[in-house]
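The values are calculated or read from the model by the stated rules, or taken from the named source; none is laboratory data. The structure presented is a predicted model; accordingly, all values stated were derived computationally and were not measured. Neighbour counts are summed over all protein chains in view; Cβ atoms, including those assigned to glycine, are modelled from backbone coordinates with ideal geometry.
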Amino acid sequence: MKFEYAPAPESTAIVNIQSEYNLFIDGKFVPSKGGKRFETINPANEKVLSRVTQATASDVDKAVKAASEAYRKTWSKLTGAQRGKYLFRIARILQERAREFAVLESMDNGKPIRETRDTDIPLAAAHFFYHAGWADKLDYAGLGKNPKPHGVVGQIIPWNFPMLMLAWKVAPALATGNTVVLKPAETTPLTALLFAEVCQQADLPKGVVNILTGDGATGAAIVNHPGINKIAFTGSTEVGKIIAKSVASSKKALTLELGGKGANIIFEDAPIDETVEGIINGIYFNQGHVCCAGSRLLVQENIKEELLEKLKRRMSMIRVGDPLDKNTDLGAINSQAQLMKIRELSESGDAEGAERWSPQCELPEKGFWFPPTFFTGVSQAHRIAREEIFGPVLSVISFRTPSEAIEKANNTPFGLSAGIWTDKGSRILWSAQQLKAGVIWANTFNKFDPASPFGGYKESGWGREGGRHGLSAYLKGDFS
Ligand code: NAI
Ligand code: MG
């Protein structure tokens, strides 16, 4: 007999979504100069949530001027302790309004409320608390005496962790004394617009944070604006390369946080039940829309069958559906375009001879959905072993010896994350030394902390975000 869960929907009464939004420039919501509006939808039911503004080049210019003036006249005149007060204030307001942010994020993005409530929003607040603490201690960060900010920074963020990526960008920029022009992704602009209200509520001086909605054209106008001194980008490797080229001929500083194809390596002596949980968390967290996802499972040949049996049982318990239901594990795919990409890459897996497995699960009729999936019989040459799928799809590859595991793990153009599962401390250290990945987890996965630097090697990006290393990216000087 199968016991079903009763529905446990989170109420949406706490959010107040306006039918249209203007741009947040110089402390106020202002209409665009000539920009059209575009819709943002809830990907779980395809309903239109609101219409936001496509910021034009002249809006970008206005925002950069506001940020520049705020930098010269106010923000650079404050002491670190004074800046810290604003950051603490923002952090506390995020905590107070956490439920509102969590519900709004789930609606606009499609991710489960359990994740926005327990991960995205608490971590976003933690980033502001952490950086508030640094604001008056920059002289002691080992980055030289009295280190100086860049001035105006342009920040472009993706749709997979909208509010968390905003916090990763805005908190260190403000703590180090920069002012900001930020663009959220086109499918998930609403929490950034709510954050603009938080800036007002915190009495942040006008122009210190400016938020412009829009697509890649708005992003490019930010990247190419001569009044911007530093660009911080998170998104696809493809766009990262375009930005690197545009910035190369300028004096702008640059950090890029791009894609990944992380190896989650399971050695024969791994604690198997915990490992299964780690695999699930590594690839099915946030529908697999995670740059550091453990999307390649490297498993030692002699435990493969046992591990996959347990993984199948566990995957059969993943609850797919309404993101606002508190029991949901896997929510909606963020957009139709992303769903097409996941389907296309999965079909290439079928065509190239890999074998697909998904548990039985009923997917809702409306909205964008993809079941938790893994492929076996994957070779190193298959597209599903090489390209970022950015969806709930795992590629299983086996190995016989530890050195073969390392060789396969490093055989990728990316180098963002890796996981190691073993009972032996010496094997963790041995593996971690040889893996070319910016973040390595041992006997856990997808753990984030504002104090810990995050970033990649090779095509996964340049520079680090978070921790003391992340601060250096927002200060002038070569700290490498
Ligand atoms: P994208 O890289 O196009 O979008 C990220 C951000 O960049 C958005 O705010 C977008 O408006 C902006 N943007 C786009 N073109 C730009 C340009 N020329 N100049 C400046 N800004 C620009 O990513 P997209 O199209 O949403 O997703 C495509 C693929 O990228 C995904 O399937 C996934 O594989 C990967 N991706 C990786 C992310 C990561 O965190 N590593 C995040 C988002 C996507
Ligand atoms: Mg949306």
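Does the stretch 76-96 contain any residue that is among the acidic types (Asp, Glu) and under 15 Å from Thr179 (Cβ atoms)?
no
Just one of Ser335, Ser346 is among the small types (Gly, Ala, Ser) and either away from ligand 2 (no atom under 16 Å from the Cβ) or within 16 Å of Ser395 (Cβ to Cβ) (or both); which is it? Break it down into steps so the answer makes sense when it comes.
Numbers: Ser335 fails: either away from ligand 2 (no atom under 16 Å from the Cβ) or within 16 Å of Ser395 (Cβ to Cβ) (or both).
Unique residue meeting the criteria: Ser346.
Confirm whether Gly260 is closer than 30 Å to Ile283 by Cβ, modelled with pLDDT of 95 or more and not polar (S, T, N, Q).
For Gly260, the condition - closer than 30 Å to Ile283 by Cβ, modelled with pLDDT of 95 or more and not polar (S, T, N, Q) - is met.
Working only within the stretch 449-468, note down all residues that are surrounded by fewer than 23 Cβ atoms within 10 Å (Cβ to Cβ) and either out of contact with any strand residue (DSSP E or B) (no Cβ under 9 Å at 6 or more places or on another chain) or hydroxyl-bearing (Ser, Thr, Tyr) (or both).
The answer is Asp449, Ala451, Ser452, Tyr457, Lys458, Glu459, Arg468.
Just one of the numbered conditions (1) within 15 Å of Asn264 (Cβ to Cβ); (2) touching a Lys or Arg at 6+ places or on another chain (Cβ under 8 Å); (3) surrounded by fewer than 16 Cβ atoms within 10 Å (Cβ to Cβ) is not true of Pro413; which one?
(1) is the only condition that Pro413 fails.
Can you tell me which residue among Ala217, Ala192 is farther than 23 Å from Glu465 by Cα and either more than 16 Å from ligand 2 (Cβ to nearest atom) or surrounded by 24 or more Cβ atoms within 10 Å (Cβ to Cβ) (or both)? Step through it out loud before you land on a result.
Numbers: Ala192 fails: farther than 23 Å from Glu465 by Cα.
Just one listed residue meets the conditions, Ala217.
Which of the numbered conditions does Val64 fail, given that it passes all the others? Conditions: (1) free of Cβ contacts under 8 Å to residues at least 40 places away in the same chain; (2) assigned by TED's automatic domain parsing to the domain that holds Gly151.
The failed condition is (1).
Test Glu365 against the stated conditions and say whether it is without any contact (Cβ under 8 Å) to a residue 12 or more places away in the chain, more than 26 Å from Trp430 (Cα to Cα) and assigned by TED's automatic domain parsing to the domain that holds Ala270.
yes
Which pairs have Cβ atoms under 6 Å, sit 6 or more apart or on different chains, and link a residue in the stretch 67-83 that is outside any loop (DSSP other than H, G, I, E, B) to one that is among the charged types (D, E, K, R)?
Gly80/Asp136; Ala81/Asp136
Looking only at the stretch 21-44, which residues are free of Cβ contacts under 8 Å to residues at least 60 places away in the same chain, more than 20 Å from Gly110 (Cα to Cα) and not hydrophobic (A, V, I, L, M, F, W, C)?
Asn22, Pro31, Ser32, Lys33, Gly34, Lys36, Arg37
Scan the stretch 176-209 residue by residue and report those that are in a loop (DSSP other than H, G, I, E, B) and more than 16 Å from ligand 1 (Cβ to nearest atom). Give the steps one after another, and end with the answer.
Initial filter on the stretch 176-209 (in a loop (DSSP other than H, G, I, E, B)): 176-178, 184-189, 202-208.
The answer is Thr176, Gly177, Asn178, Ala202, Asp203, Leu204, Pro205, Lys206, Gly207, Val208.
State all residues of the stretch 13-25 that are surrounded by 13 or more Cβ atoms within 10 Å (Cβ to Cβ) and assigned to a loop (DSSP other than H, G, I, E, B); if no residue qualifies, say none.
Taking the stretch 13-25 first, the residues surrounded by 13 or more Cβ atoms within 10 Å (Cβ to Cβ) are 14-15, 17-18, 21-25.
Residues satisfying the conditions are Ile14, Val15, Ile17, Gln18, Tyr21, Asn22.
Which count do you get for residues in the stretch 264-298 that are within 28 Å of Ile156 (Cβ to Cβ) and away from ligand 1 (no atom under 12 Å from the Cβ)? Before you say what the answer is, go through the steps one by one.
Initial filter on the stretch 264-298 (within 28 Å of Ile156 (Cβ to Cβ)): 281-296.
Retained after the next criterion (residues that are away from ligand 1 (no atom under 12 Å from the Cβ)): 281-285, 294, 296.
Residues that pass the stated criteria total 7.
Are there any pairs, at least 6 apart or on different chains, whose C-beta atoms fall under 6 Å, with the first in the stretch 230-250 and farther than 25 Å from Leu174 by Cα and the second part of a strand (DSSP E or B) and within 8 Å of ligand 1 (Cβ to nearest atom), and if so, which?
If the second residue must be part of a strand (DSSP E or B) and within 8 Å of ligand 1 (Cβ to nearest atom), no pairs are left.
Quick check on this structure: which one of Ser32, Ser68, Ser58, Ser19 is in contact with a Leu (Cβ under 7 Å, 6 or more places away or on another chain) and within 21 Å of Thr213 (Cα to Cα)?
Numbers: Ser68 fails: in contact with a Leu (Cβ under 7 Å, 6 or more places away or on another chain); Ser58 fails: in contact with a Leu (Cβ under 7 Å, 6 or more places away or on another chain); Ser19 fails: in contact with a Leu (Cβ under 7 Å, 6 or more places away or on another chain).
From the options Ser32, Ser68, Ser58, Ser19, the qualifying one is Ser32.
Look at the stretch 13-52 and say how many of its residues are within 20 Å of Lys206 (Cα to Cα) and modelled with pLDDT of 95 or more.
If we filter the stretch 13-52 for residues that are within 20 Å of Lys206 (Cα to Cα), which is where we start, we get 21-33.
Checking which are modelled with pLDDT of 95 or more leaves us with 21-32.
Residues in the stretch 13-52 being within 20 Å of Lys206 (Cα to Cα) and modelled with pLDDT of 95 or more: 12 in total.
Considering only the stretch 77-88, I want to know if a residue exists there that is among the hydrophobic types (A, V, I, L, M, F, W, C), in contact with a strand residue (DSSP E or B) (Cβ under 8 Å, 6 or more places away or on another chain) and surrounded by fewer than 24 Cβ atoms within 10 Å (Cβ to Cβ). Outline the logic, then answer.
Going through the stretch 77-88, the residues among the hydrophobic types (A, V, I, L, M, F, W, C) turn out to be 78, 81, 87-88.
Those left that are additionally in contact with a strand residue (DSSP E or B) (Cβ under 8 Å, 6 or more places away or on another chain): none.
Checked the stretch 77-88: no residue is among the hydrophobic types (A, V, I, L, M, F, W, C), in contact with a strand residue (DSSP E or B) (Cβ under 8 Å, 6 or more places away or on another chain) and surrounded by fewer than 24 Cβ atoms within 10 Å (Cβ to Cβ).
So Ala102 fits all but one of (1) crowded, with 24+ Cβ neighbours inside 10 Å; (2) within 16 Å of ligand 1 (Cβ to nearest atom); (3) not aromatic (Phe, Trp, Tyr); what number is the exception?
Every listed condition holds for Ala102 apart from (2).
Give me a count of the residues in the stretch 378-393 that are away from ligand 1 (no atom under 15 Å from the Cβ) and either within 19 Å of Ile280 (Cβ to Cβ) or surrounded by 23 or more Cβ atoms within 10 Å (Cβ to Cβ) (or both).
Total satisfying the criteria: 1.
Looking at the structure I just gave you, is Ala124 of a type in the set (A, V, I, L, M), touching a helix residue (DSSP H, G or I) at 6+ places or on another chain (Cβ under 9 Å), part of a loop (DSSP other than H, G, I, E, B) and under 24 Å from Ile231 (Cβ atoms)? Give the derivation first.
Working: of a type in the set (A, V, I, L, M): yes; touching a helix residue (DSSP H, G or I) at 6+ places or on another chain (Cβ under 9 Å): yes; part of a loop (DSSP other than H, G, I, E, B): no; under 24 Å from Ile231 (Cβ atoms): yes.
Here the answer is no, as Ala124 does not meet what is asked.
Answer yes or no: is there a residue in the stretch 416-429 that is more than 19 Å from the chain's Cα centre (by Cα), in contact (Cβ under 8 Å) with a residue 12 or more places away in the chain, more than 16 Å from ligand 2 (Cβ to nearest atom) and crowded, with 23+ Cβ neighbours inside 10 Å. Working first, answer last.
Filtering the stretch 416-429 for residues more than 19 Å from the chain's Cα centre (by Cα) gives 420-429.
Narrowing further to those that are in contact (Cβ under 8 Å) with a residue 12 or more places away in the chain: 420-424, 427-428.
Remaining after also requiring more than 16 Å from ligand 2 (Cβ to nearest atom): 420-424, 427-428.
Applying the additional criterion that residues be crowded, with 23+ Cβ neighbours inside 10 Å yields 420-421.
Taking every residue of the stretch 416-429 in turn, at least one turns out to be more than 19 Å from the chain's Cα centre (by Cα), in contact (Cβ under 8 Å) with a residue 12 or more places away in the chain, more than 16 Å from ligand 2 (Cβ to nearest atom) and crowded, with 23+ Cβ neighbours inside 10 Å.
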